[in-house]
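Everything on this sheet refers to the single structure shown next.
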Amino acid sequence: MNYRHRFHAGGPADCLKHAVLAVVLERLKAKPAPFSIVDTHAGLGRYDLLSEAAQKTGEYKRGIARLLAAADLPAFFAPYLAAVRSLNGEPERGEPRPLRWYPGSPLLARLLMRPKDRLVLIELHPEDVRLLKREFADQTNVVVHHADGYLGLKAFLPPPVRRGVVLIDPPFERANEFAKLASGIKRAYRRWPQGTYLVWYPIKAKAPIPAFHRALVESGIRRLFLAEIRIRASHDPNRLQGSGLLLINPPYRLDQELAVALRWLAETLGEDKSAGAACRWLVPE
């Protein structure tokens with residue numbers, strides 16, 4: 001999968017991972033103590049949905065645009081959509097501004113975190129690193145590292161502030177990405193077992209997802225929760241059917257909230273009768 005996120009920004013996969021990330025950050029903010037956010041494959045801070053890349057695929061029209069237009073939006077998605085709306089400006093004469101800007105996970109985190117919290121961004125692509133540094137040039141609590149995200153799991157964990165979340169969202173450009181991801185998660189967990197982890201992966205026809213899950217279950221990781229949505233059926237091994245998140249140490253009762261929220265998300269974004277959601281503990285509390 002040759003993956004540059006500017007083609008996929010605001011699509012269904014982003015709606016899943018960014019909505020959950022927003023809720024996790026809100027839960028962390030419920031306590032006054034500062035926290036750390038480590039984003040291992042940061043990408044860009046923001047994406048222009050009017051760009052040629054975004055318009056070519058139109059994925060945001062099947063993702064964030066549907067959520068913004070939904071009349072029955074569950075409260076679960078409110079922090080996420082509030083951040084997206086804030087990036088696009090205040091409404092004029094009661095009408096929302098046209099949707100143009102979409103926050104990548106770095107900017108979403110920065111919009112939701114507090115001045116005392118700390119954001120560590122890791123990105124390997126040199127052009128994306130340059131744009132990230134420009135985006136956050138005046139942010140003293142944001143640091144950008146030009147490095148491989150998997151190496152960052154070793155170099156930057158545990159963080160100085162031992163409370164927080166790690167987002168692992170690889171581009172899945174390599175044939176062995178699932179094996180590499182499992183190895184990276186196990187290494188990170190050994191270094192910081194108290195952290196909350198959000199791990200995104202694509203669901204495709206021939207993706208080795210059962211083996212990936214099995215490797216983590218057998219690793220000794222505790223409190224491992226699965227959340228998946230499927231939006232379409234496809235036998236094409238290169239076409240996305242949906243996406244999943246593995247959550248390690250999710251906040252209290254988030255598992256129950258996800259079960260309800262993801263059913264709604266699958267119904268809202270689904271393209272055929274195969275659309276649906278799956279939520280369950282792989283390794284219970």
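The values are calculated or read from the model by the stated rules, or taken from the named source; none is laboratory data. These numbers come from a predicted model, not from an experiment. Cβ coordinates were reconstructed from backbone atoms using ideal geometry, including for glycine residues, and neighbour counts include every protein chain displayed. Calculation scope for accessible area: heavy atoms of the full protein, side chains included, ligands and nucleic acids excluded. Shrake-Rupley method; radii C 1.70, N 1.55, O 1.52, S 1.80 Å.
Worth pointing out:
- Candidates LEU226, LEU167, LEU181 - the one that is of a type outside the set (Ser, Thr, Tyr), within 24 Å of LEU119 (Cα to Cα) and assigned to a strand (DSSP E or B): LEU167
Per-residue answers, yes or no, for (1) in a helix (DSSP H, G or I); (2) out of contact with any Ser or Thr (no Cβ under 7 Å at 6 or more places or on another chain):
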position	(1), (2)
VAL38	no, yes
ALA42	no, no
LEU50	no, yes
ARG66	yes, no
ARG85	yes, yes
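- Any pair with Cβ under 6 angstrom, 6 or more apart, that starts in region 119-131 at a residue that is more than 11 Å from ASP148 (Cα to Cα) and ends at one that is hydrophobic (A, V, I, L, M, F, W, C) and at pLDDT below 95: ASP128/LEU44; LEU131/LEU44
- Residue in region 235-251 that is open to solvent by 10 Å² or more (accessible area, probe 1.4 Å), within 15 Å of GLU285 (Cβ to Cβ) and either out of contact with any Phe, Trp or Tyr (no Cβ under 9 Å at 6 or more places or on another chain) or touching a residue at least 24 places away in the same chain (Cβ under 8 Å) (or both) present: yes
- Residue satisfying all of: in region 242-285; small (Gly, Ala, Ser) and in contact with a Pro (Cβ under 7 Å, 6 or more places away or on another chain); nearest to GLY184 (Cα to Cα) among these: SER243
- The lone criterion from (1) open to solvent by 80 Å² or more (accessible area, probe 1.4 Å); (2) in contact with a helix residue (DSSP H, G or I) (Cβ under 6 Å, 6 or more places away or on another chain) left unmet by ALA75 is number (2).
- Of all the listed residues (LEU121, LEU111), the sole one being at pLDDT 95 or above and open to solvent by less than 20 Å² (accessible area, probe 1.4 Å) is LEU121.
- Filtered by the rule that a residue be crowded, with 17+ Cβ neighbours inside 10 Å and either more than 22 Å from HIS18 (Cα to Cα) or free of Cβ contacts under 8 Å to residues at least 12 places away in the same chain (or both), region 160-185 gives a lone residue, GLU177.
- Counting the residues of region 252-285 that are loosely packed, with under 14 Cβ neighbours inside 10 Å, in contact (Cβ under 8 Å) with a residue 40 or more places away in the chain and not in a loop (DSSP other than H, G, I, E, B) gives 3.
- In region 28-63, the residues that are open to solvent by less than 50 Å² (accessible area, probe 1.4 Å) and of a type in the set (D, E, K, R): ASP39, ASP48, GLU59
- Per-region count, region 50-64, residues basic (Lys, Arg) and closer than 12 Å to LEU99 by Cα: 1
- So PRO106, is it open to solvent by less than 80 Å² (accessible area, probe 1.4 Å), touching a residue at least 12 places away in the same chain (Cβ under 8 Å) and in a loop (DSSP other than H, G, I, E, B): no
- In region 57-90, the residues that are of a type in the set (Ser, Thr, Tyr) and under 20 Å from ARG263 (Cβ atoms): TYR80
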